[in-house]
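Single-structure report; data block below.
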There are 2 protein chains.
Amino acid sequence: MSKPDESNPENVTPPAAVAEGGDLENQTTEVGGGGVSNIVQRWQREDLLKRSSLALRCIGLVFSLLAFVIMVSNKHGDWREFDKYEEYKYVVAIAILSTLYTGFQAFRQVYELSTGREVVSRPYVGLIDFFGDQIVAYLLISAASSAVPLTNRMREGADNIFTDASASAISMAFFAFLSLGLSALISGYKLSHQTYI
Amino acid sequence: MSKPDESNPENVTPPAAVAEGGDLENQTTEVGGGGVSNIVQRWQREDLLKRSSLALRCIGLVFSLLAFVIMVSNKHGDWREFDKYEEYKYVVAIAILSTLYTGFQAFRQVYELSTGREVVSRPYVGLIDFFGDQIVAYLLISAASSAVPLTNRMREGADNIFTDASASAISMAFFAFLSLGLSALISGYKLSHQTYI
């Protein structure tokens, strides 16, 4: 075991503890030279990941909410009512689900950042994040994709406020998908570097 | 460090090497009591994961190929030709992509299992698996979702061999999505328990 910096007594402790064979398990740091600087690096990286996943969820929340509001307010009489088309109703349903999910996740993360307490215990959070983000992302891309052809076909005939509003709601759902898809990738990365210490 | 089975001298080597402090880093095993039995358990788990991800990709390959063949052969003259509808052409395009991707991955895994050599070097495989599976799964669910409403609407008017073949191609694409989505979850799990030894 190389100890590159013994002038600071704190640097000695982690490798010594490891050498005594107590907590060999679950170390995922890539210790290159010094132990402490790497742990600090890992903390910084984890902090950055937390912040970016919070940011992505907030973006996802805004876009899902926009998709929901734009689609629900898309009622202009006659055939130009969103609830006459099941594709648009699907978009609304998934936008509600995605709003609830991202809202809950963003609330949880903000609460944890501000108070330091955990709403969901540690090992489960990673899995819930990963599965949740991915499933909601699948649903969002599915809803957006199903509504695109209908809107395209309508726009061939007439281009009015109804088709424009539908198109923008679909775009919002698609942006929400993008941010949740990215968030799922980050959750996967977090899961892959999860420490159990 | 407890050595549960010292009768076989080969079993002693890995814990001894660890105790001497060489490669302490990057251990993700959850060693409860004995070191060796846990390493064997990890090998068995990794082997199971490899086999299940290979199986899922083969299933994905079969379903993508079926989706492609069924949709491409869906030409019955007049309006009953798949290439008159962009949704169906989208399904064909994604089915081709998914066939190529799953075919390559299945070939790579079979080659690695049979020869023991690596086609793609270790740290990248996990990432390619994870991103690739996920992106192809997104594309498949998007294609299937976009083609469903058109088929539903056609079936309200007439239920013939064209709509039946379309519906079955869409189902195949959906099953391919399911197997690739599961495979993406397994890739995420593999990534999260990746060892660099």
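The values are calculated or read from the model by the stated rules, or taken from the named source; none is laboratory data. Because the structure is a prediction, the values reported are computed rather than measured. For neighbour counting, all protein chains shown are included, and Cβ atoms are generated from backbone atoms with ideal geometry for every residue, glycine included. To get the accessible areas, we keep the full protein, side chains included, count just its heavy atoms, and leave off ligands, DNA and RNA. Shrake-Rupley method; radii C 1.70, N 1.55, O 1.52, S 1.80 Å.
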- [ ] Please enumerate the residues belonging to the stretch B:49-65 that are open to solvent by 70 Å² or more (accessible area, probe 1.4 Å) and at pLDDT 85 or above.
- [x] B:Arg51, B:Ile59, B:Val62, B:Leu65
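Considering only the stretch A:82-92, state which residues are in contact (Cβ under 8 Å) with a residue 12 or more places away in the chain and either under 18 Å from A:Asp159 (Cα atoms) or within 13 Å of chain B (Cβ to nearest Cβ) (or both).
Result: A:Phe82, A:Tyr85, A:Glu87, A:Tyr88, A:Tyr90, A:Val91.
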Open item on the list: Which count do you get for residues in the stretch A:136-150 that are more than 20 Å from A:Val62 (Cβ to Cβ) and in contact with an Asp or Glu (Cβ under 8 Å, 6 or more places away or on another chain)?
Closed with: 3
- [ ] Sort out which residues of the stretch B:99-157 are charged (D, E, K, R), surrounded by 16 or more Cβ atoms within 10 Å (Cβ to Cβ) and either within 13 Å of chain A (Cβ to nearest Cβ) or touching a helix residue (DSSP H, G or I) at 6+ places or on another chain (Cβ under 8 Å) (or both), and write them in order of number.
- [x] B:Asp129, B:Asp133
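Inspect the stretch A:149-169 for any residue being under 27 Å from B:Leu182 (Cα atoms) and of a type outside the set (Gly, Ala, Ser) and give the result as yes or no.
Within the stretch A:149-169 (the criterion being under 27 Å from B:Leu182 (Cα atoms) and of a type outside the set (Gly, Ala, Ser)), the answer is no, since none of the residues qualifies.
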Open item on the list: If I filter the stretch A:101-109 for residues that are more than 13 Å from the chain's Cα centre (by Cα) and free of Cβ contacts under 8 Å to residues at least 12 places away in the same chain, do I get at least one hit?
Closed with: no
